[in-house]
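Take a look at the structure set out below.
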Amino acid sequence: MNAQLKIAGQNPELLGLGSVLVGSLPAALMTDDAPDHYTVEAVFTRKADRDEVDAIQSSEMRDHLSANGYPTVELHVADRRLEIANTSLEELRDGLASVLAQRLAEITTALHTARAQAADRFQIASDREQERAALVAALADAVVFTPPSGSDRSSDDDSRIEDWVEEGGAVRS
């Protein structure tokens with residue numbers, strides 16, 4: 001049996017970010033009324049799978065951002081977009097974009113490794129089960145329900161009948 005573990009949504013391409021959705025930016029940018037921090041939406045290079053979304057929105061990701069100098073940044077995945085809240089285009093340009101890109105690549109790589117290991121474990125378990133089943137079948141085939149050669153079955157049956165009769169099991173005529 002050559003079983004392969006298929007993971008729904010699994011894509012070997014690293015998850016990344018392609019571009020900023022300019023239309024989602026505040027209209028007041030680069031004016032006197034521009035906010036210091038706002039939400040920037042960036043487009044993923046492909047659709048993130050469920051495990052990737054969970055990792056992106058996890059406390060580990062928040063800890064990673066804090067450790068890299070971005071403690072107020074919050075991430076949310078919305079379909080093929082990453083909503084990066086409490087940031088600015090300048091902050092993204094000056095380093096946050098690189099931190100995000102690196103972390104997304106690490107997440108994808110870690111998930112691919114974990115999935116490959118799970119597939120290997122599944123294959124090993126499947127191979128072991130197949131070997132076990134073959135050994136059981138071979139042992140079952142080795143069972144033979146025939147009397148050993150040289151046995152005089154009729155005299156053995158006669159003696160058992162005689163014992164039974166002597167014990168009062170039946171009256172012989």
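The values are calculated or read from the model by the stated rules, or taken from the named source; none is laboratory data. Computed from a prediction, not measured in an experiment: that's the story for all the values here. FYI the Cβ positions are ideal-geometry reconstructions off the backbone, even for glycines, and counts take in every protein chain you see. Protein only, heavy atoms only, side chains kept; ligands, DNA and RNA dropped before computing areas. Shrake-Rupley method; radii C 1.70, N 1.55, O 1.52, S 1.80 Å.
Given the conditions (1) outside any helix (DSSP H, G or I); (2) surrounded by fewer than 17 Cβ atoms within 10 Å (Cβ to Cβ), report the number of the one that Glu90 does not fulfil.
Going through (1) outside any helix (DSSP H, G or I); (2) surrounded by fewer than 17 Cβ atoms within 10 Å (Cβ to Cβ) one by one, Glu90 breaks only (1).
Give the residues of the range 69-82 that are closer than 24 Å to Lys47 by Cα and open to solvent by less than 50 Å² (accessible area, probe 1.4 Å), sorted by residue number.
Of everything in the range 69-82, those that are closer than 24 Å to Lys47 by Cα and open to solvent by less than 50 Å² (accessible area, probe 1.4 Å) turn out to be Val73, Leu75, Val77, Ala78, Leu82.
Determine if the range 109-117 includes at least one residue that is at pLDDT 90 or above, surrounded by 12 or more Cβ atoms within 10 Å (Cβ to Cβ), of a type in the set (S, T, N, Q) and more than 30 Å from Ser19 (Cβ to Cβ).
Taking every residue of the range 109-117 in turn, none turns out to be at pLDDT 90 or above, surrounded by 12 or more Cβ atoms within 10 Å (Cβ to Cβ), of a type in the set (S, T, N, Q) and more than 30 Å from Ser19 (Cβ to Cβ).
Is it the case, given these coordinates, that Ala125 is open to solvent by less than 90 Å² (accessible area, probe 1.4 Å) and assigned to a strand (DSSP E or B)?
no
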